[in-house]
Structure formats: C-alpha cells, structure tokens
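The values are calculated or read from the model by the stated rules, or taken from the named source; none is laboratory data. All values derive from a computational prediction rather than experimental measurement. Cβ atoms come from the backbone with ideal geometry, glycine included; neighbour counts cover every protein chain shown.
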Amino acid sequence: MTQHSHAHDHDHDLAHHHDIHSELPSDPALRVKALESLLTEKGLVDPAAIDAWIEVYESKIGPRNGAKVVAKAWVDPAYKERLLRDGSNAIHELDFHGRQGQHIVAVENTPDVHNLVVCTLCSCYPLSVLGLPPAWYKSAPYRSRAVIDPRGVLKEFGLELPDHVKIRVWDSTAEIRYLVLPERPAGTERLSEEQLAALVTRDSMIGVGKVAAK
Amino acid sequence: MNTIHDMGGMHGFGAIDAERDEPPFHEAWEGRAGGILEVMTFPAGFTVDRFRYLRETLRPDLYLTQNYYEQWIYIAEQLLLESGMVSAEELARGAARSAKRTDAIRADAVWGFLHDRTHSGRDLDSAPRFVIGQRVRARTMQPTGHTRLPRYARGKTGSIVSHHGAHVLPDASAHGKGDRPQHLYAVRFAARELWGEDANPRDSVHLDLWESYLEPA
C-alpha cells in the first residue's frame, strides 16, 4: 500500500463515482424518462407512486402549513411560548409531520432582531411546513451571499432594515430546520386566525420578507 | 470535501433571481426526477447524508450549471450504480437485465412514507462536552469526504447557543460507517469574526455543529 492510499484509506469510497455522462442523453427530460422506464421495468419504482409524490408537493404540503403555525402563534400566547421553546412538538400539535420536519426550531422576529434562514451547503428547508423550496433558495447567489451579505440580500427582496436591527442568519448545517416567526403587522388586531394565516407569506417564514397587513 | 457546494461567503454569483408565484416544478420532468429519488427502492444503508455526499461528487462546472433536478437524476444514477442495483450497461441501454422486483413503494403508501417519524436524533450516554454560553472554536480541518462544517467557519470562534441533543454524524453516515451519534450544538459566530471589520457589528451567523467539529476556545 502506498503512503498516499494509506493516508486516504478512511475515505475508501471517494472519487469512485461513475463518469456516465458521455453515454447518457444530454436532455434531462430524456434522461429522466429513460431512468424512470428502466426502474419501472426492474420494479424499483412504481410510476403511480411518483405521481402521488408530485401531487403531495403540488397541492398538499406547502407554505399554507407554516402560515397556520404563525397565525396560531400570533393569537395564542401559550402556543407561541410552546413554539419558541419546542418548535417540533408545537408544529406536530397541528399535525404537520414528515420530511425535514422532525426537528424544527422557530426563531422570532422582533423590532430589534431579524432572522434569516439559508442552507449554504445544499438546500435544507423545512419541507413539512413550507413545502418544496423555491429555486432562488437553492441557487448559488442566495447560498453564497446570505451569510456574508445578509443586508444586501434583504435589500434585493425589498427589505431595508434599520441599522440598529440585529440580523441572525441560520445556516442549516444539520437536520434542524428553522422556521422564522415573523412579526404580526399592525392593524390586524380584528382579524381572525384564518384571516391572519392568509396574510403570511412563504418569504416571511424564510426571513426574506415581512408580513404586510394588505 | 472542499468543492463548489461549500459556497457560503463566495463572491461572483450575481443577483438573486426570485420568481413570482413560482410553481413547484417548472417542467414535468423535474417532478419525475424528484419523485424517483423519493419513492424508489433504496439500497440497504442509504442515508440522506449519502444523498448529499453524492451531489457533492458532481463535477463543479456541472454543479453550477445543471438544473437542480438534473442533479437529482445524477444522484439517483450514482447510487444505483454504486449499490449494484443497476448496471452501467442497463443504464446505457435503458433495458433491464434482471427479473422485476415487486416491493416498490405503492402510490397509496406515499403519504405515510413521507410522514414516517424517522429522524436523526439518537440517545447518547456520554454527557455533552460543552455548555450553553461557552466559547468554542470550529476546528480547522479539510476532510476529503462529506462534512457539514463549512469552510467559512473553520478556525473561527463562537459561542454555544443551544444543545440539540445527539444526532447522527453525517461525516460517518455518508460513508457507510453507521450513525456514530454526537452531541449537536447551535453555535453563534459574530459576523465580524467570520468576515472581518467591514461586517455589521450587530449581525451574526448560527451553525449547527457536531461536537467533534469543535474545541474549547
């Protein structure tokens, strides 16, 4: 065994990935079609299960879940206390479980503190309460800049924070998922929990926006 | 591994292109690619950490230019090939050379599958090494395999904000070495510690870091 291979023995499976690009269709639509048909033929996937998965994220799990959590926290101080103390269990109370939702920490925006969530290393996102992440959340510009230039990023989303506000960026490096509890806008005192939920945007729960009273 | 996926703090990628009323999928094949990698039969021992590691093995130029879901196809192909569930010949020809299995997840099981309670928390007998408020330094290290300690935090000093209990260690789990759970902490780094004097003194970045990533400061 050479010194080189010995030094890297603990990473035995590195760089053994298969260079298959030259043999496969360059059009991703064709490539995924070929893969699905091969896996179906081998019984490794059921196309109807793929349909069901797509339907879940197109129409069943999305930011409306998170909006219900936020609205409940706004109207129910005891729930808000539970949410900030143990986000996972408070969210499970509303029966939102599932992928990337077993460990959730809710972070509260106030007049003095603004929270912003990113995953610099990949695309970790609280799927159970926000659904699938938007393309910009997974993009190089957002992932690279949110940690080094949060104020510049927020400005691009139309949010200019006063200098005294502390920005806390949360880089989702583990299986903990972060949900921003945005500030309840002024002038919404008479709204019901349901009406409040309708105001809550996905962006406000990532931290790139505020909730407007409309 | 120190490759392009670890992009926190990089310059040059330009403005954020946020689309209004973005659909979950822009083209039908994106949903198919996403669905395959969620409901296919996985090789024994496959973990989310292996998934992330395989994405990191994508050539850096392709990582930056390929559509997100095209990268998922790459991940699916790689894990099928490395596990031997599909041969390179089958993939190239698009035709199966083995008998059909009958144990794939069915449509009526998808909702339950997406809502199973599996998670990365583990019981650990050993007491946490660090306490809330303690100053810690993220180690300087350059693992050639999977890790969740980004380069921008290595060697930097922060403080423990919370203890999340013990969790599966991705550095082990991504490489078939089991869970090897460790205590996991949220660590706050001042923006100035990470980025220098030009950063806003009020701002901070929090990372969730495993115990072996940290040393007392």
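Does B:ARG97 satisfy being surrounded by fewer than 17 Cβ atoms within 10 Å (Cβ to Cβ), modelled with pLDDT of 95 or more and more than 19 Å from A:ARG99 (Cβ to Cβ)? In short, no.
How many residues, within the range B:71-89, are at the interface with another protein chain (Cβ under 8 Å from one of its Cβ atoms), closer than 21 Å to B:GLY145 by Cβ and either surrounded by fewer than 21 Cβ atoms within 10 Å (Cβ to Cβ) or among the charged types (D, E, K, R) (or both)? Total meeting the criteria: 3. Just checking, does the range A:150-170 include any residue being closer than 29 Å to B:HIS163 by Cβ, within 16 Å of the chain's Cα centre (by Cα) and at pLDDT 95 or above? Yes, because at least one residue in the range A:150-170 is closer than 29 Å to B:HIS163 by Cβ, within 16 Å of the chain's Cα centre (by Cα) and at pLDDT 95 or above. Taking the range B:136-150 as the range and being within 9 Å of chain A (Cβ to nearest Cβ) and hydrophobic (A, V, I, L, M, F, W, C) as the test, only B:LEU149 passes.
Candidates are the residues of the range A:55-75 that are basic (Lys, Arg) and at pLDDT 95 or above; the one that is farthest from A:VAL105 (Cα to Cα) is A:ARG64. Working carefully through the options A:ILE148, A:ILE176, A:ILE167, find the one that is touching a Leu at 6+ places or on another chain (Cβ under 8 Å), at the interface with chain B (Cβ under 9 Å from one of its Cβ atoms) and closer than 22 Å to B:LEU37 by Cα. After applying the criteria, what remains is A:ILE176. Taking each residue of the range B:55-70 that is more than 7 Å from every other protein chain (Cβ to nearest Cβ) and looking for partners that are among the hydroxyl-bearing types (Ser, Thr, Tyr) and crowded, with 16+ Cβ neighbours inside 10 Å with beta-carbon atoms closer than 9 Å, six or more apart or interchain, yields B:GLU56/B:TYR63; B:LEU58/B:TYR74; B:LEU62/B:TYR74; B:GLN66/B:TYR74.
Taking the stated definitions as given, is B:GLU56 more than 25 Å from B:ARG151 (Cβ to Cβ) and either in contact with a strand residue (DSSP E or B) (Cβ under 9 Å, 6 or more places away or on another chain) or of a type in the set (D, E, K, R) (or both)? For B:GLU56, the condition - more than 25 Å from B:ARG151 (Cβ to Cβ) and either in contact with a strand residue (DSSP E or B) (Cβ under 9 Å, 6 or more places away or on another chain) or of a type in the set (D, E, K, R) (or both) - is not met. Only one entry of A:ALA78, A:ALA52, A:ALA48 meets the criterion of being more than 20 Å from the chain's Cα centre (by Cα), closer than 26 Å to B:THR118 by Cα, modelled with pLDDT of 95 or more and surrounded by fewer than 19 Cβ atoms within 10 Å (Cβ to Cβ), and that entry is A:ALA48. When residues in the range B:102-125 are screened for being over 17 Å from A:ASP95 (Cβ atoms) and more than 7 Å from chain A (Cβ to nearest Cβ), 8 of them pass. Applying a threshold of 6 Å to beta carbon distances and a minimum spacing of six or more residues, or different chains, the list of pairs starting in the range B:1-27 at a residue that is closer than 26 Å to A:THR201 by Cα and ending at one that is among the β-branched types (Val, Ile, Thr) and in a loop (DSSP other than H, G, I, E, B) reads B:GLY8/A:THR120. Please name all residue pairs, on different chains or six or more residues apart, with Cβ atoms under 6 Å, provided the first residue is in the range B:87-98 and is within 12 Å of A:GLU36 (Cα to Cα) and the second residue is assigned to a loop (DSSP other than H, G, I, E, B). Sorted first by the residue in the range B:87-98, then by its partner, the pairs are B:ALA96/A:LYS42.
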